[in-house]
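Worksheet: the structure to be examined is printed underneath.
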């Protein structure tokens, strides 16, 4: 099942996070590093992302995309699942454990990430609005509800369900979006979980690669 | 690969949508109907959903959950993918087409649904706030950005990528959340797409089953 060509992913030409590894290509880079699959990178500007050529690859004009042997994929979750299905290392072999790891992938993206993104967007675009303080309090409460549940489930385990999986990979990248908010400080086990994730050599290689793109552009 | 026992899903004892089929169990019911798999239903009250017994099944205290032969799953996307992997009818056989259908599943849940949910929540909880009109305009703009892209990609096709798939199933249920907003009216092809989805006999059976639960409770 090893692909016959090196896949190509698209990434921001100049990431709005200034190389902090919060853009969604970071997840895909990390997954590829975990399984030892080399990849090519194509830089896309904000202007180009909204043009028909890129929207043919990604209908919503975003990054990352993934191209390999005539297959074009978008959505970081789908790309990571595709990589995990073709390589060992990101999903357990046992069928039930595999299904549960995939549940954590969806949980990271559909249950934990949305309130975190909503909070980040408000912090970016509503900071000067008269309602910001009241909105932020409500948004923080939403995020805390998710973090509290996640922290209780994780307990003192290293990973969410047995060995490290694509579910942990996505959850760690989602939680990292809260680093500058201070909200994670209430949950020592989640802080330690994120620290375990970013300490992985594959994460470190992926992080360095995305930072190099930003540094070169800046 | 046919399961040896009938799966059990959890659903709202009294759905807040009053039986309009917008709760997330509807997606799972529809998927089970598409593949012809019988299922059992266990009703859960709002109070019980937040108790440890239910959180052992669903860490975030939500519905639906899915139990089968010692496997417990949460997240509607993960449950539907699990069903689609064990039964014919929801994912194409061709590997590349299958990966693309899964990309649409993630797109429905991670790219299209979040701004729609954010708008619904604002409409519920911020209606009396002085900022509501300004917020709503911004939220509508976000939703329209997604709908415009989706409408362009769908074009005059029946489904998002070839035959009906789990990607369409999720996208139709996500778009249905906009029915009362009027925002879909700008996109005749999306209206027709939703209409094609809900006209499927499997959808109709699933809808009737969830409505019966609400009607009995009311």
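Just a few scattered comments:
- Conditions (1) within 9 Å of chain B (Cβ to nearest Cβ); (2) modelled with pLDDT of 95 or more: number failed by residue A:130: (2)
- Residue B:117, sole failed condition from (1) at the interface with chain A (Cβ under 9 Å from one of its Cβ atoms); (2) buried (at least 22 other Cβ atoms within 10 Å of the Cβ); (3) touching a residue at least 40 places away in the same chain (Cβ under 8 Å): (2)
- Condition check for residue A:58 on (1) buried (at least 24 other Cβ atoms within 10 Å of the Cβ); (2) more than 14 Å from the chain's Cα centre (by Cα); (3) under 19 Å from residue A:170 (Cα atoms): one failure, at (3).
- Failed condition for residue A:101, given (1) under 20 Å from residue A:149 (Cβ atoms); (2) over 14 Å from the mean Cα position of the chain (by Cα); (3) facing chain B (nearest Cβ under 8 Å): (3)
- In the condition set (1) more than 19 Å from the chain's Cα centre (by Cα); (2) within 10 Å of another protein chain (Cβ to nearest Cβ), residue A:48 is compliant with all but (2).
- Qualifying positions in region A:143-165 - surrounded by 15 or more Cβ atoms within 10 Å (Cβ to Cβ) and within 12 Å of chain B (Cβ to nearest Cβ): A:146, A:147, A:149, A:150, A:151, A:153, A:154, A:160, A:161
- The requirement of being crowded, with 23+ Cβ neighbours inside 10 Å and more than 9 Å from every other protein chain (Cβ to nearest Cβ) is not satisfied by residue B:92.
- Listed by position, the strands (runs of 3 or more DSSP E) contained in region A:1-110 that have at least 3 residues being touching a residue at least 12 places away in the same chain (Cβ under 8 Å) are A:8-12, A:40-44, A:65-68.
- Set A:54, A:58: member being modelled with pLDDT of 95 or more, more than 8 Å from chain B (Cβ to nearest Cβ) and farther than 25 Å from residue A:203 by Cβ: A:54
The values are calculated or read from the model by the stated rules, or taken from the named source; none is laboratory data. The model shown is predicted, which means the values in this text are computed figures rather than measured ones. Here Cβ is always computed from backbone atoms with ideal geometry, including for glycine, and neighbour counts include all displayed protein chains.
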